[in-house]
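The values are calculated or read from the model by the stated rules, or taken from the named source; none is laboratory data. Fair warning: this is a prediction, and the values are worked out from it, not measured in the lab. Cβ atoms come from the backbone with ideal geometry, glycine included; neighbour counts cover every protein chain shown. Calculation scope for accessible area: heavy atoms of the full protein, side chains included, ligands and nucleic acids excluded. Shrake-Rupley method; radii C 1.70, N 1.55, O 1.52, S 1.80 Å.
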Amino acid sequence: ATFISDSRVSKHLSLSIKFCNHPSMELVVSNAGFQSVNGNYHQIRHEVIPTGFAKVCNEQGWNSSKMWSKLNGLNVWYQHKENDSYIYFNKSDQNWWIDGPDGLGVYIISGTPDKPPKEGWILIQNNLNDKSLPNVLLCS
């Protein structure tokens with residue numbers, strides 16, 4: 001028999017299996033050095049604007065509704081179950097973004113609007129001590 005010796009890998013696998021069996025879970029993010037983006041995400045309709053996104057827009061003096069429509073379009077997005085982190089496909093730059101609860105981007109990856117890639121994410125906040133990159137599991 002082969003055993004997984006890295007407890008983080010085994011924890012990730014068991015969490016992914018556990019949460020993906022729950023019918024209301026859509027995405028599971030794990031292993032991210034920016035801890036608050038780890039967890040479970042629900043799919044949200046495009047008409048709903050993420051709280052953190054609206055906050056950043058307001059701070060910049062932008063119309064959050066127009067900006068969300070410009071960047072997200074008609075795509076669904078994913079809201080963290082326990083905080084204001086969110087994941088969306090930015091149609092302007094063709095990247096998936098994982099934004100923290102404050103609405104600021106933490107990780108990006110190029111892709112297509114149908115689903116976020118599992119791995120290969122790029123950290124864009126250089127001030128983090130833990131540079132671990134996230135894994136994104138899409139539950140079907």
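If you go through the range 106-131 one residue at a time, how many are under 22 Å from Cys57 (Cβ atoms) and surrounded by fewer than 16 Cβ atoms within 10 Å (Cβ to Cβ)?
2
Identify the single condition in (1) at pLDDT 95 or above; (2) more than 21 Å from Ser30 (Cβ to Cβ) that Glu82 does not satisfy, given that it satisfies every other one.
(2)
Take the conditions of a type in the set (Asp, Glu), closer than 22 Å to Trp121 by Cβ and modelled with pLDDT of 95 or more and apply them to Asp6. Does it pass? If you could, list the steps in order and put the result at the bottom.
Numbers: of a type in the set (Asp, Glu): yes; closer than 22 Å to Trp121 by Cβ: yes; modelled with pLDDT of 95 or more: no.
In short, no.
Where residues in the range 74-99 are of a type outside the set (Asp, Glu) and over 15 Å from Val136 (Cβ atoms), which of them is least open to solvent (accessible area, probe 1.4 Å)?
Residues of the range 74-99 of a type outside the set (Asp, Glu): 74-81, 83, 85-92, 94-98.
Remaining after also requiring over 15 Å from Val136 (Cβ atoms): 74-75, 83, 90-92, 94.
Numbers: Leu74: 141, Asn75: 40, Asn83: 43, Asn90: 9, Lys91: 97, Ser92: 72, Gln94: 89 Å².
Among those that are of a type outside the set (Asp, Glu) and over 15 Å from Val136 (Cβ atoms), it is Asn90.
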